[in-house]
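What follows is a structure written as structure tokens; I'll ask about it next.
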Amino acid sequence: YYDFSKWYVRKEAAKTLDRFSKILKDHSEIKLIEIGSHTDSRGSYGFNEKLSQKRANGVVDYLISKGLDKSRLVAKGYGESQLVNRCKDGVECSEIEHQRNRRTTFRILLNSEEFSSIEPYDIFVDYSPNNKPEQGLIDLSLELRDQLDNDNIESALRVQRQMIKKV
């Protein structure tokens, strides 16, 4: 995620990118990675296109600095064209809702398969010991949504980290 109108890689994102770069270095069979960066709807369409491209380029530069081959990385700025929520022009939204749109996504091309990063709202995790949903399904996506609805960013980030760890 990014601060409003900024394109630098945040400290918490750098930690994730460090782990991601190690995975990519260890798996040369991953031939191409699209780094797709996005903005919220605030600002002009043209400004957001340029800002998102700066964000994507910044992530590519960061990954190159960690030893990845530039030929495997493609930077693509999407501006505000792929919002993940209702926060388009003219709609009043909280800062947390806008924050969800200021993000970078990854598309990995592996031979004939393609993998894309997804939003935490789309992840459902079953933590039951014997993997039977009726015996212990914990829907962290609902918990995350509740935290975001209550503008509790710290708790929302903790829930999101739990989801990522379990997936």
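Looking at Ser71 and the list (1) within 21 Å of Tyr8 (Cβ to Cβ); (2) more than 19 Å from the chain's Cα centre (by Cα); (3) open to solvent by 30 Å² or more (accessible area, probe 1.4 Å), which single condition is not satisfied?
(1)
So, of the residues in the range 1-16 that are hydroxyl-bearing (Ser, Thr, Tyr) and out of contact with any Gly (no Cβ under 8 Å at 6 or more places or on another chain), which turns out to be surrounded by the most Cβ atoms within 10 Å (Cβ to Cβ)?
Here the answer is Tyr2.
So, Arg19, is that one in a helix (DSSP H, G or I), open to solvent by less than 70 Å² (accessible area, probe 1.4 Å), under 30 Å from Glu95 (Cβ atoms) and basic (Lys, Arg) or not?
Here the answer is no, as Arg19 does not meet what is asked.
Please find, among Val91, Val60, the residue that is modelled with pLDDT of 70 or more and either in a loop (DSSP other than H, G, I, E, B) or open to solvent by 80 Å² or more (accessible area, probe 1.4 Å) (or both).
Exactly one residue qualifies, and that residue is Val91.
Of the numbered conditions (1) within 15 Å of the chain's Cα centre (by Cα); (2) surrounded by fewer than 17 Cβ atoms within 10 Å (Cβ to Cβ); (3) at pLDDT below 75, Gln160 satisfies every one except a single condition; which is it?
Just one mismatch for Gln160, condition (2).
A further question on this structure: Determine which member of the set Asn101, Asn85 is surrounded by 14 or more Cβ atoms within 10 Å (Cβ to Cβ) and either in contact with a His (Cβ under 7 Å, 6 or more places away or on another chain) or at pLDDT 95 or above (or both).
Checking each option against the conditions leaves just Asn101.
In addition: Leu17 - would you say it is under 16 Å from the mean Cα position of the chain (by Cα) and within 15 Å of Arg100 (Cβ to Cβ)?
Considered against the rule, which asks whether it is under 16 Å from the mean Cα position of the chain (by Cα) and within 15 Å of Arg100 (Cβ to Cβ), Leu17 comes out as no.
Mind listing whichever residues of the range 22-50 are part of a helix (DSSP H, G or I), in contact with a strand residue (DSSP E or B) (Cβ under 9 Å, 6 or more places away or on another chain), open to solvent by 10 Å² or more (accessible area, probe 1.4 Å) and of a type outside the set (Asp, Glu)?
Selection gives Lys50 alone.
Right, here's the next one. Do any residues in the range 4-33 that are on the phi > 0 side of the Ramachandran plot have Cβ atoms under 9 Å from those of residues that are open to solvent by less than 60 Å² (accessible area, probe 1.4 Å) and not basic (Lys, Arg), where the two are at least six apart or on different chains, and which pairs are they?
Close Cβ pairs (under 9 Å, with a partner that is open to solvent by less than 60 Å² (accessible area, probe 1.4 Å) and not basic (Lys, Arg)) amount to Ser5/Thr39; Ser5/Gly43; Ser5/Leu51.
Tell me which residues, restricted to the range 63-88, are of a type in the set (D, E, K, R) and in a helix (DSSP H, G or I).
Scanning the range 63-88 gives Lys70, Arg72.
Do you know which residues across the range 104-150 are open to solvent by less than 50 Å² (accessible area, probe 1.4 Å), out of contact with any Pro (no Cβ under 6 Å at 6 or more places or on another chain), outside any loop (DSSP other than H, G, I, E, B) and modelled with pLDDT under 65?
Pro120, Tyr121, Val125 - these are the residues of the range 104-150 that are open to solvent by less than 50 Å² (accessible area, probe 1.4 Å), out of contact with any Pro (no Cβ under 6 Å at 6 or more places or on another chain), outside any loop (DSSP other than H, G, I, E, B) and modelled with pLDDT under 65.
The values are calculated or read from the model by the stated rules, or taken from the named source; none is laboratory data. Since the model is a prediction, treat every value here as computed from it, not as a measurement. Every residue, glycine as well, gets a Cβ built from its backbone with ideal geometry; the counts of neighbours run over all protein chains shown. In case anyone asks, the SASA skips ligands and DNA or RNA and just uses the protein heavy atoms, side chains included. Shrake-Rupley method; radii C 1.70, N 1.55, O 1.52, S 1.80 Å.
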